[in-house]
Amino acid sequence: MGVGLVRMVTDSGEQVRAIFDNAESHKCSWPGKFSADQFQPGQFRQLLLLRTLRPDKVVPAVVAFCAANIGPEFTEPPPFELEECHASSSAQTPLVFVLCPGQDPMSQLRSFAEVCLIIACFIKC
């Protein structure tokens, strides 16, 4: 694959450059002998090409590969139900939140705390 890759880059420099500069290069088809079915987007060999030329696009390509081959349920997070998590927690098994950038469960926690406080006040009264 190494010699063929060098030849592809040499012979199809403009096409390879266009793929390299593309914001979604993990969805692009490759020129030359790398345009065969096994190198199309969503195929394992395409991941190898991306790893060589665009390592920053490997993660979205692997996500697409897994979703296509084993199912989207393995790449999409399950819905978060705070009530179910709270019911299964205790003082010995607390809740631990592992957050990704951009996630903020604070509003959901506050509204759940308000509901719990209202229910506790209703039961005591």
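Every number here is computed from the coordinates shown, using simple stated rules; none is lab data. A quick note: this is a predicted structure, and the numbers were derived from the prediction, not measured. Cβ sites come from the backbone with ideal geometry, for glycine too, and all protein chains shown count toward neighbours.
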Estimated dipole of the stretch 2-74 in Debye, rounded to 20 [Cβ of Lys and Arg +1, of Asp and Glu -1, Cα centre]: 200 debye
Give me the net charge of ALA23's neighbourhood, meaning all other residues with Cβ under 12 Å from the Cβ of ALA23; Lys, Arg count +1, Asp, Glu -1. 0
Tilt relative to the chain, helix 106-124 - C-alpha long axis, 0 to 90 degrees, to 10: 20 degrees
Per the Kirkwood treatment, what hydrodynamic radius in Å, one decimal, follows for the stretch 44-125 from the mean inverse distance over all distinct Cα pairs? 16.6 Å
Sparse-neighbour loop sites [chymotrypsin sites (Phe, Trp or Tyr not before Pro); the stretch 15-102; at most 12 other C-beta within 10 Å; DSSP]: PHE80, PHE97
Quick check: net charge around SER89, other residues with Cβ under 13 Å of its Cβ, Lys/Arg +1 and Asp/Glu -1? -3
Can you give the helix-only mean residue ellipticity at 222 nm for the chain, where every DSSP H stretch with n ≥ 4 adds -39500 (n - 2.57) and the sum goes over all residues, rounded to the nearest 500 deg cm²/dmol? -16000 deg cm²/dmol
